[in-house]
Amino acid sequence: MSDVQASLRAHDTFPKLLLRNAVTFGDRPAFREKDYGIWQSWTWAEMSAEIRAFACGLAALGVGRGDRIAIIGQNRPQLYWSFDAIQCIGGVPVPLYADSVADEMAYVLEHAEVRMAICEDQEQVDKVLSVMDRLPVLETVIHKDRRGMRHYRQPFLHALDDVQDRGRDHDRRHAGFFEGEVAKGKGGDVAIIAYTSGTTGNPKGVMLSFDNLTTSCRLAVEMEGLTEREEILAYLPLAWVGDHFFSYGQHHVAGFTVNCPESSDTVMMDLRDIGPTSFIAPPAIFEGFLTQIQIRMEDASRVKQRLYRYFTGVARRCGPAILDGRPVSAGDRLLYALGELLIYGPLKNNLGLSRMRIAYTGGAPLGEDVFSFYRSMGINLKQLYGQTESSAYVCIQRNGGVKPDTVGPPAPGVDVRITDEGEVIYKSPGAFVGYFKNDEATRETLDDEGWVHTGDAGIIDDDGHLKVIDRAKDVGRLNDGTLFAPQYIENKLKFFPYVKEAVAHGVDRDYATAFVNIDLEAVSNWAEKRGISYTNYTDLASRAEVYDLVRGCIEQVNAALAGDSALAGSQIRRFLVLHKELDADDGELTRTRKVRRRIIAERYKPMIDALYSDAGNVSVETQVTFEDGRTGTMRADLDISPAATYGAGGEPSARAA
Amino acid sequence: MTDIAAASAAPAAAGTVPVTTEGEILLNVEHISLSFGAVQALTDVSVAIPKGRIFSIIGPNGAGKTSLLNCINGVYHPQKGRITFKGQTRSQMKPHEAAAQGIARTFQNVALFRGMTTLDNIMTGRNLKMRSNFLLQALWWGPARKEELRHREFVEHIIDFLEIEAIRKTPVGRLPYGLQKRVELGRALAAEPDLLLLDEPMAGMNLEEKEDMCRFVLDTNDEFGTTIALIEHDMGVVMDLSDHVAVLDYGRKIADGPPDVVRNDPDVIAAYLGVSH
């Protein structure tokens, strides 16, 4: 044990872990990237040399200890190496979302007082240049990709490999500099500042220390038994703490291989190439896989359809039990083995899930059906719950103890409690240092005893598993005092493949109502099968048949709500199908696709008012922002439809007028 | 379109040095006339395309734009006049000879092998560069194998350049129109042309596809220094992209010059908007 403790102290920062890995795992692949159609790879030793050159190059450009440096782009090995390079010489990386518009970037760059920005390509450079006059502290911009950069003559612009060349030169002339700088780093130093996407107000810069990240990564690696032989695919935004935790933190701690996809469009194909052993994805991706399977099965031959239906039935019956190691009859085991040969195996292989030992999902609840589907196929899918402030996760489901409607018990080393107001609070080795330049917010979130307030409402069940219901501030009451948890209702709606997004209203109203966004792929397929013709999204969304389809979904949700006495009163009485998709570009969703209620309440006020009037339809005009940043307006007439609600016994009450 | 104008103007402001010196002419078309029986398609048309530039040919329907392109790459043979490419004056040239000289083109209607993948379609663009014989290629043996790997690498650079990695293995018949046009551009680029002829590269595209294509045309010109002659109806595109514009009407050239000059030329306005008599 003392050896382990000593090793922990000796490798208390990522740069120190990097140097250890360069020796321990020297010839093992650390990174791969598909480029020009071929997987290129770098061993730990090669990667460490690249990072050393880059770190020295940054020093040659004048980066000093404590300087904050932005990293902007998609998942590229060189951008991950930038984290190391910056940390090696005592800088603090500040990752930004690659799809942020220039104004959003300007806020973070200004707030973090960033001195240098490392950009993936011309697109990101252009965004930074367009706001540069508002950023007096920003001095240098580095770009990884040379493409399109030929005619940029700004003296403060450098190509990444030129910086590395300077670094090699600097390294030769300053022997011992690099090792000295790495040794200066301590576990208590701020490792990164991760800006939260922020459902309310401006993003906040969460400061995480090396201790926060290395300790929680170590605990997680031990719990799951991760080794240097894992393969993971890095495709989620590198500015998101979850990706940082897996593709950077655990990568350094366990020494496994991180694979970067060729482009954001090829992720699904690259997933098949790699066949990762550990995988994290938001619920939308797992739902997407299942929708894809279901759509393709509908087009398959009859024999195949029947085989699929029979064996998924077998899997649902005994798959989860086999996965959890519970007793299963010999006959079922045989059938399951046959199913693996005929259906599950090929299916998993097709999606690139064959080698997957562990899969995680989080961020939003995953439908129980979808969740059990994967577990029944033998994929150890687990839900986790966490936030940027906790360096990734707070609760995680354990092998053999998975309950579909909870996020599991507290993670190792974490203490979770529920306050009297119903808010989830926790203490964790991963709990953040504070918000950067925002002491007021730090005091609100991190109390004197070290408890972090999540702002989520939840309950702990009899097995000690946490169940998250909603954002604490969003849980409200109807006029008659009934509990109204909008996200809980919305998530129930979103579990239907036809519903892409939903927004429930009801706080301080007489009854609950909802906006629904249809899922274009699923609904257009459904419409095609039934010979319903339409011209575009808006037209399809307004079809009476689609309204009937959506009403069916809502009434099922109402029936489920009726079963829970506390929530029975918040059944949806009236709804409308939105004419456009809610979009992060219009500010209606955050970049991580969470609904921004305040903005929707303002923008769609006439529609919400109509839901609470007797009107049968409402005409609307909305501003939309196109991908190039220009804006236009959209007009549409929307029908408002009633939905049946259910009594406690389950009989439908009359549809509200 | 303003974005594109800004993007192309920005580097110039930053002190661009032109790729070639002014006046070096890559293709010189002098006084050509083309007729089909009694129909006069082109009458005494002269254009000079400077090396390394983007040259647009515009004009109303039936003005002879495509006929002019067809004369340039040897599909039609003008009855009068002469065409000089890279200093060589030619008389009767076949299309494949034009291709071998370094002229590649895309078509007004997409002309790809629909059942073949994006990758294979672009590989066909390397055809003229393949040196090994048919038998060795069929056996994929010896020098033929090495050669194919070399060509594949080149094609992968084009795929990367055009950002079509995700459709590398997709049969082009299944692709949306905008992407098919991009694949066609890829096939033309695979021939490493000195002169690239684009016949209405943005026709039938939506705004986003047009903007993408504009960017690829500009990038092609910028990265590879390829001289580009294009026919286009979208005036916004033409005025933003081109260094030089020639206007045809009823088979005659009625104007020729930088976009700003052509835009204000009374003859051009009359040809496009009509004029009261």
If a residue has to be in a helix (DSSP H, G or I), at pLDDT 85 or above and either open to solvent by 90 Å² or more (accessible area, probe 1.4 Å) or aromatic (F, W, Y) (or both) to count, how many in the range B:118-171 make the cut? 5
Would you point out which residue out of A:S391, A:S428 is open to solvent by less than 20 Å² (accessible area, probe 1.4 Å) and not assigned by TED's automatic domain parsing to the domain that holds A:D189? A:S391
Given the criteria open to solvent by 30 Å² or more (accessible area, probe 1.4 Å), in contact with a Ser or Thr (Cβ under 9 Å, 6 or more places away or on another chain) and either more than 23 Å from A:K594 (Cα to Cα) or at pLDDT 90 or above (or both), does A:P404 qualify? no
Please give the number of the condition A:N212 fails out of (1) surrounded by 22 or more Cβ atoms within 10 Å (Cβ to Cβ); (2) closer than 30 Å to A:E588 by Cβ. (2)
Pick from A:G225, A:G205: which is closer than 19 Å to A:R357 by Cα and among the small types (G, A, S)? A:G225
Got a sec? Which of B:G251, B:G236 is open to solvent by less than 40 Å² (accessible area, probe 1.4 Å), over 22 Å from B:M123 (Cβ atoms) and within 14 Å of chain A (Cβ to nearest Cβ)? B:G236
Enumerate the pairs (first residue in the range A:496-523 and within 11 Å of A:V577 (Cα to Cα) and not assigned by TED's automatic domain parsing to the domain that holds A:D480; second residue anywhere and open to solvent by 10 Å² or more (accessible area, probe 1.4 Å) and not aromatic (F, W, Y)) with beta-carbon separation below 6 Å, excluding pairs fewer than 6 apart on the same chain, so at least 6 apart or on different chains. none
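For every residue, the table says whether it meets (1) in contact with a Cys (Cβ under 6 Å, 6 or more places away or on another chain); (2) among the acidic types (D, E); (3) modelled with pLDDT under 90; (4) open to solvent by less than 10 Å² (accessible area, probe 1.4 Å).
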{"position": "A:G400", "(1), (2), (3), (4)": "no, no, yes, no"}
{"position": "A:D420", "(1), (2), (3), (4)": "no, yes, yes, no"}
{"position": "A:T442", "(1), (2), (3), (4)": "no, no, no, no"}
{"position": "A:D448", "(1), (2), (3), (4)": "no, yes, yes, no"}
Go through the range A:254-265 residue by residue and tally those that are buried (at least 20 other Cβ atoms within 10 Å of the Cβ), within 14 Å of chain B (Cβ to nearest Cβ) and not in a loop (DSSP other than H, G, I, E, B). 1
Checked the range A:321-372 for anything within 23 Å of A:T227 (Cα to Cα), in a helix (DSSP H, G or I) and open to solvent by less than 30 Å² (accessible area, probe 1.4 Å); matches are A:K348
Hits in the range B:191-227 (condition: of a type in the set (S, T, N, Q) and either touching a residue at least 40 places away in the same chain (Cβ under 8 Å) or touching a Ser or Thr at 6+ places or on another chain (Cβ under 8 Å) (or both)): B:T220, B:N221, B:T226, B:T227
Please determine, by comparing only the residues of the range A:589-600 that are assigned to a helix (DSSP H, G or I) and touching a residue at least 24 places away in the same chain (Cβ under 8 Å), which one is nearest to the chain's Cα centre (by Cα). A:R597
Scanning the range A:107-143 for residues that are within 17 Å of A:S82 (Cβ to Cβ), part of a loop (DSSP other than H, G, I, E, B) and away from chain B (no Cβ under 14 Å) gives A:A112, A:V114, A:R115, A:L138, A:E139
Could you go through the range A:39-49 and let me know if any residue there is more than 29 Å from A:R115 (Cα to Cα), at pLDDT below 95 and open to solvent by less than 50 Å² (accessible area, probe 1.4 Å). no
All but one of (1) out of contact with any helix residue (DSSP H, G or I) (no Cβ under 6 Å at 6 or more places or on another chain); (2) within 14 Å of another protein chain (Cβ to nearest Cβ); (3) modelled with pLDDT under 90 hold for B:R182; which doesn't? (3)
Has the range B:260-267 got at least one residue that is polar (S, T, N, Q) and away from every other protein chain (no Cβ under 14 Å)? yes
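The values are calculated or read from the model by the stated rules, or taken from the named source; none is laboratory data. Predicted, not measured: the structure shown is a model, and the values here were computed from it. In this analysis, Cβ positions are derived from the backbone assuming ideal geometry, glycine residues included, and neighbour counts consider all displayed protein chains. To get the accessible areas, we keep the full protein, side chains included, count just its heavy atoms, and leave off ligands, DNA and RNA. Shrake-Rupley method; radii C 1.70, N 1.55, O 1.52, S 1.80 Å.
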